[in-house]
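Below: the structure, in structure tokens.
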Amino acid sequence: MKRTINKVDTMMNGYSGSSDEEAASDSPKTVVHTVWNQSIPINQMSLPKLTRLRQLLSLRHIQDSTFAKYNVRATANGDGLIFPRYTDRVERVGVRQLKPSGLKIFRLTENRNQPGIIEETIPDSSTYVGFFGYHLVKSVDVETVLLFNEADALSVHQAAGKVALAVHDQYGPFQNQLLSLLTELIHVIIWPPPEKYNRGKLLAKSLTSTNCHLISPASCKNMRAADALALPGKGRQLITGVIKACERVEEKSLSTFDKLKELTKEYYYGYGSVSGICKWSRFSALNNYLKGFRLGELTLIGGGSACGKKTFLAEYALDICCQNVPTLWCCLELPVGRLTATLVEQDAFFEENTNQRSFDYWYEEISRLPMYFAKFDKVGFTKLKDIVEVIDRLAASKEVQHIVIDDVTALQEWTLAKNGYDLNLIFSDLRRLAQNRNCHITGSMLLSKFQNSKENNNADTLQQNAINMQAMKEADNVLVICTKKLAQDITDVEHENFLQIWKTRRGGDLVLSNYIEMNFNRMTKCYTLTVGDRALPEGTWRLCILPLVLVVVISIVVNQLYVPLPDRFAEREKMQVIETVARVLYMYPGKWLELFSTKWQLCWTRLVLNSLAWLCSYAYRSTEPQNVHIHTIMLDDVAARVYIPDKVDTDAAIVYIHGGGFVLLNVDSYDLITRHLAKLTNMITVSIEYRLAPEHKFPAAIDDCERAIVYFLRHAHKLYSINSDKVVLVGDSAGGNLAAVVTQRLRNKRIRPVLKVSCLSIY
């Protein structure tokens, strides 16, 4: 027995001591809280009533700890069980005991002769009140099991240890509030009772955005979770196994990469559905372009009048039929006897030295092929639905995979077509027929090259262009036989035929020129396809000369410039490029300028090296954050550049003397090195700009460095708060030589304060 009670019913059954008028004025939320506050723990119920309720509700194997975890309590008068429903979680609210949003009460009936259960809900079933067990859900729960009964939810939680929720099963669509709460869960497993499997499917489809799985009746052996738990010794294992055997619910129109792997592999490697059910034997050249004979496609073979398209169509279909592809000929224009005679000749004379056999022999041979003929007497009055009826009648006894229409323009729909839209409907209907019947349709029709409507602005040209466009739009494959006359004499009828491939939807390359030659044997009525060489357009050879000359010149230059580096050279590829660029930019031009003047050579070398160094420094400053301040000072009339980091963490300093063979480079050239040195060490760095040779004679560079260093040692504490006893002298190449000489001079002259360290790099 099941009924839904209101506020007044609740009060009258002993849940509150207030009057009827007060109860009627209470809200559903107040009634829920009143009934819940007056409830008692289930261990305070009388044992006979509790045992009877457990038996009737399939709760005999549920432990008291499971009841306590789900907050199951007894009614105030002890004649029923209360199952609370929640719309929030303990984890989210942060309190131990949540107030329920709704209650589901199962009470024993007072009829002793026929004991039963009365099911009551507060508030009524039309109001959304959450889930039974929703307060236990946590954000870390990977799987949540959704059931339609409280006993099943308790059984799943006790057996598998997973959070199990009971949803209120109602008629009609599920409430939006219910679905919104379920979409927050990571992984939902729906286990409906076998008799409510359709409701479970409906709920699963409503949760397509969630990782949702469904348990079918076959997976659970037509058992509820409570019934499975009651099996002695097998309940826990059975419930765990059923949950693992759940099936993922996905939208039929949606696919994932896991499902598309095999189909993608077919397209990637060009086999399977791309290669079709067979390939051509007589016309093997078509395999390179069409890839294979596929079902569900529409192929049009066109050409001008009297170009031999029907003869080619006959051999084309015969080649496919010889590979056990059931073929149906729809003879709308061509007489059936003439067609079969052509097929017999093409089959008999295909192999050499076989034409000596009799007609009866070859007719018997070709009659064994799965080929059927449908004759329609009324030319121009045959409808497409007539062809469909023939296919349906034939499909009842035999399977048809290839339908050949000798002339598409002989259909009644074509005769009644008034514009391009009507033509498009014909081609689209043919293609839809091929897809729905899972067969391949091949038809012949009048197709010719597109004509320039400006030059030939007449009705025939416009109509033919419209036919070509509609055929190209709807057909999957379009083969066109083009004719080329061998002589300009109008009386000379000799000509050559070429097969062009205007379209192949799932094939390979197109052939839009006279590339595939068709050789027709009048004795055997057979075609042979000869693939020729692709002729380059006129003037193409001129375009090829320039790249060829460039390749030759670059090869010669690279061969002359390449100089192998010594073994065990660090960063060989990078240094090989730098060394080659340096030789090309300043070494070779410098040698040429040396023939005219040494001064010109020196100026060119300085210009190139300083420019390259400046470019490297500029690139570094553009890409790296600069935390160094730079300014220029005079140290006893010697120019110097000072690099001060943003965060100086020491009172020491570095004095840097650049290299360059005493004649090249300057402070600007070494800007990248000194800037990077100051940034890495967080020390003030001073770079000395000494005078260069040959403009200044020896020992001008030594004197400049000595004066600058002595001045810096004596005034460093005043300039930058530097400890003069912590000055480090650094030099590389010629700068290392200068640093060594200056250090010796300062020691011999006993100048104070002295240098802390001298770091030299002389090479």
| query | Take the residues of region 720-742 that are crowded, with 16+ Cβ neighbours inside 10 Å and part of a loop (DSSP other than H, G, I, E, B): which is farthest from the chain's Cα centre (by Cα)? | reply | I722
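One line per residue, one yes/no per condition, for (1) touching a strand residue (DSSP E or B) at 6+ places or on another chain (Cβ under 7 Å); (2) within 14 Å of R745 (Cα to Cα); (3) free of Cβ contacts under 8 Å to residues at least 60 places away in the same chain:
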residue: M683; (1), (2), (3): yes, no, yes
residue: S687; (1), (2), (3): yes, no, yes
residue: R691; (1), (2), (3): no, no, yes
residue: I702; (1), (2), (3): no, yes, yes
residue: R707; (1), (2), (3): yes, yes, no
residue: L713; (1), (2), (3): yes, no, yes
residue: Y720; (1), (2), (3): yes, no, no
residue: S724; (1), (2), (3): no, no, yes
| message | Taking the criterion of being part of a helix (DSSP H, G or I) and in contact (Cβ under 8 Å) with a residue 40 or more places away in the chain, would at least one residue in region 743-752 satisfy it? | response | yes
| message | Going residue by residue through region 370-377, is there one that turns out to be at pLDDT below 80, under 29 Å from R294 (Cα atoms) and buried (at least 17 other Cβ atoms within 10 Å of the Cβ)? | response | yes
| Residue among P232, P217 that is assigned to a loop (DSSP other than H, G, I, E, B), out of contact with any helix residue (DSSP H, G or I) (no Cβ under 7 Å at 6 or more places or on another chain) and modelled with pLDDT of 80 or more | P232
| request: Would you list the helices (runs of 4 or more DSSP H) that sit entirely within region 1-66 and hold 2 or more residues that are β-branched (V, I, T) and at pLDDT 50 or above? | output: 28-37
| said: So, in region 240-272, how many residues would count as being of a type in the set (A, V, I, L, M, F, W, C), modelled with pLDDT of 80 or more and not in a loop (DSSP other than H, G, I, E, B)? | reply: 2
| Which ones in region 291-318 are in a helix (DSSP H, G or I) and among the small types (G, A, S)? | A314, A317
| task | Could you identify the single residue in S284, S275, S305 that is touching a Gly at 6+ places or on another chain (Cβ under 7 Å) and either on the phi < 0 side of the Ramachandran plot or acidic (D, E) (or both)? | result | S275
| field | Residue list for region 619-655, filter: closer than 19 Å to L738 by Cβ and touching a Lys or Arg at 6+ places or on another chain (Cβ under 9 Å) | value | L635, D636, D637, V638, A653
| said: Which pairs turn up if I take residues in region 178-202 that are not assigned by TED's automatic domain parsing to the domain that holds V142 and look for partners that are part of a helix (DSSP H, G or I) and surrounded by 14 or more Cβ atoms within 10 Å (Cβ to Cβ) with beta carbon separation below 9 Å, at least 6 apart in sequence or on another chain? | reply: none
| query | A341 versus (1) of a type in the set (G, A, S); (2) over 14 Å from C526 (Cα atoms); (3) surrounded by fewer than 22 Cβ atoms within 10 Å (Cβ to Cβ): which is the lone unmet condition? | reply | (2)
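The values are calculated or read from the model by the stated rules, or taken from the named source; none is laboratory data. This structure is a prediction, so every number in the text was calculated from the model and none was measured. All Cβ positions, glycine included, derive from the backbone under ideal geometry; neighbour counts span all protein chains shown.
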